[in-house]
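**Q** Quick one: the structure is below, questions incoming.
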Amino acid sequence: MKRQSDYLQFRPYRAIAAPPLKRTRFSAADGKSSLLGFAVGSARELPARHRLLYAVLAVAVIGIGLLWRSSFVSLPLFLTKYGGSAWWSLLVFLGCGFVWPRAKTWVVAVLALAFSFGIEFSQLYHAPWIDFLRSIELGSLILGNTFNGPDLPAYASGILLGAVLESILGRRNAGGDLRLA
């Protein structure tokens, strides 16, 4: 059996004795996280978002977005066009929050913004297979048809709205779930 002083940790210009990693299990209540069962420090784990709530909110946002762009609601053309884009990006934010329930709000916002911008810039690409997908109603709703630069600030505003509302209204309860207050 090796002594603790036999384990060396490499440091430039000097070697410092370091104990080996010990296989330990931590719970989230300990305030420590673990990676593959090894203690990696005292990082505070974020409680998860409530996925059912995010799914219900996503369905509501889909309904509002479709109603927003329909002929049932009479809005100015500017609000119809860019408001619909903001609702779409809010849906992307909720989807990212659903997929990554323990991610920080700013991480979810950056992922949603990258996805939204990626979809918008993909509209510059025209190949028969993707144009066929865009010709279908569902494909058109998800992928869009033509690149429009002013959509980018609309996407940012929808994602910003989601991030601000999550930060203001979101309360993490003792059970660890993110619930709206």
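The values are calculated or read from the model by the stated rules, or taken from the named source; none is laboratory data. Since this is a predicted model, take the numbers as computed values, not measurements. With ideal geometry, Cβ positions are generated from the backbone for all residues, glycine too; neighbour counts draw on all protein chains shown.
**Q** Among the residues of region 55-73, how many are buried (at least 16 other Cβ atoms within 10 Å of the Cβ) and either assigned to a loop (DSSP other than H, G, I, E, B) or not assigned by TED's automatic domain parsing to the domain that holds L141 (or both)?
**A** 1
**Q** Do you know which of the residues in region 74-85 that are of a type in the set (A, V, I, L, M, F, W, C) and exposed (fewer than 12 other Cβ atoms within 10 Å of the Cβ) is nearest to W100 (Cα to Cα)?
**A** At the first step, the residues of region 74-85 found to be of a type in the set (A, V, I, L, M, F, W, C) are 75, 77-79.
Those left that are additionally exposed (fewer than 12 other Cβ atoms within 10 Å of the Cβ): 77-78.
Values: L77: 35, F78: 33 Å.
Selected residue: F78.
**Q** Right, here's the next one. If we scan region 12-25, do we find a residue that is β-branched (V, I, T), modelled with pLDDT under 55 and not in a loop (DSSP other than H, G, I, E, B)? Walk me through it before giving the result.
**A** Of region 12-25, the ones β-branched (V, I, T) are 16, 24.
Pick out the ones that are also modelled with pLDDT under 55 and you get 16, 24.
Still in the list and also not in a loop (DSSP other than H, G, I, E, B): 16.
There is at least one residue in region 12-25 that is β-branched (V, I, T), modelled with pLDDT under 55 and not in a loop (DSSP other than H, G, I, E, B).
**Q** Please go through region 132-172 and pick out each residue that is in contact with a helix residue (DSSP H, G or I) (Cβ under 9 Å, 6 or more places away or on another chain), modelled with pLDDT of 90 or more and part of a loop (DSSP other than H, G, I, E, B).
**A** Matches in region 132-172: F147, N148, G149, P150.
**Q** Shifting gears a bit: Go through the residues of region 110-124 one by one and say whether even a single one is out of contact with any Asp or Glu (no Cβ under 9 Å at 6 or more places or on another chain), assigned by TED's automatic domain parsing to the domain that holds W87, surrounded by 11 or more Cβ atoms within 10 Å (Cβ to Cβ) and in contact (Cβ under 8 Å) with a residue 40 or more places away in the chain.
**A** yes
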